[in-house]
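This report concerns only the one structure given below.
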Amino acid sequence: IVNGLNTIPGFKCKSPGGAFYVWPNVTEACKLTGCKDSEELRIKILKETNVAALSDIHFGQRNAGEGEHLRFSYATNTEQIIEGVARIKTWVEENSK
């Protein structure tokens with residue numbers, strides 16, 4: 001999932017340290033797609049690609065200067081991960097300004 005997310009314009013994802021989720025920085029993806037923040041990006045991705053994620057606001061207050069983040073679980077099969085990442089990538093590419 002990390003390698004796939006890093007192919008999406010505006011996504012920067014580091015490898016997790018042992019969890020079953022990733023936490024990519026999507027600050028640039030928000031800018032590219034005209035989303036005001038990660039929550040707006042999350043909603044658009046859910047509604048337009050049927051891929052679920054959580055935004056950083058679901059985990060407390062944002063810390064100034066840390067950017068926008070989404071949380072994706074990878075507790076599913078590889079085929080679904082590949083398909084979900086592909087849908088998001090296509091959506092970001094088609095909706096970049």
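Side notes on the structure shown:
- Sum of side-chain charges, Asp56 neighbourhood, beta-carbon under 9 Å (Lys, Arg +1; Asp, Glu -1): -2
- Over the stretch 13-97, relative contact order from alpha-carbon pairs under 8 Å, at least 6 apart, %: 36
- Convex hull of the chain built on C-alpha atoms - directionally averaged projected area, nm²: 5.8
- Disulfide-incompatible cysteines by the Cβ rule (no partner under 4.7 Å) in the chain: Cys13
- Relative contact order (%) - the stretch 21-71, alpha-carbon pairs under 8 angstrom, separation at least six: 48
- What the chain shows is 60 Å² of accessible area per residue, with the surface traced by a 1.4 Å probe over protein heavy atoms.
- Highest mean packing comes first when the peptides 80-89, 57-66, 20-29 are listed by Cβ atoms within 10 Å, giving 20-29, 80-89, 57-66.
The values are calculated or read from the model by the stated rules, or taken from the named source; none is laboratory data. All figures in this text were calculated on a predicted structure; none of them were measured in a lab. Note: ideal-geometry Cβ built from the backbone for every residue, glycine included; neighbour counts use all protein chains shown. Please note that ligands, DNA and RNA were not included when accessible areas were found on the heavy atoms of the full protein model with its side chains. Shrake-Rupley method; radii C 1.70, N 1.55, O 1.52, S 1.80 Å.
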